[in-house]
1. Grab the other residues whose beta carbon is less than 14 angstrom from that of Cys67, score K and R as +1, D and E as -1, and report the net.
2. Can you give me the long-range amide H partners of Asn89? Hydrogens built in the peptide plane at 1.01 Å from N, cutoff under 5 Å, separation of 5 or more residues or another chain.
3. Around His26, under 15 Å between beta carbons, what's the net of Lys plus Arg minus Asp minus Glu among the other residues?
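Every read-out reported here was derived from the displayed coordinates using simple, explicitly stated rules and does not represent laboratory data. Just so we're clear, the structure is a prediction, and the values are computed from it rather than from any experiment. Please note: Cβ atoms are built from the backbone with ideal geometry, for glycine as well, and neighbour counts cover all protein chains shown.
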Amino acid sequence: MTMINRVDRERHDAVEGHGAAAALFHGLADPTRLMILAHLRTGEHKVKDLTEHLGLAQSTVSAHLSCLRDCGLVTSRAQGRASMYSLANPRLLLALLGDANHYIGISDEHELDTHDFTEVHGPGRAQQVVRP
């Protein structure tokens, strides 16, 4: 019985450790979220600003920001009645995306940048496209 408990505990610890990685990769797995992250690289923004700049519905931007916040990629702070969003750790995010570029074999001149591979088609609709 002790052996089973130890094995179960080790499996649980392994799953817990991978849960954080899974949440991180989930946050990066959507082209719209990558567009939002790229936009936040320029600084803090309100949801309204992001909807205007990206041409997305407010509900879409809010849902994606909620996911990014849950994944630990963005933070928010209240400013009056609005919330200001920013990258939680810009240096680590840029390093992670740089590593992703290296891993998937994108050259420096075609670096992983959401403006290079994502276009918005109508309100709330992003589509992955291939650029030469």
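1. Net of charged neighbours comes to 0.
2. Here nothing satisfies the definition.
3. So the surrounding residues net to 0.
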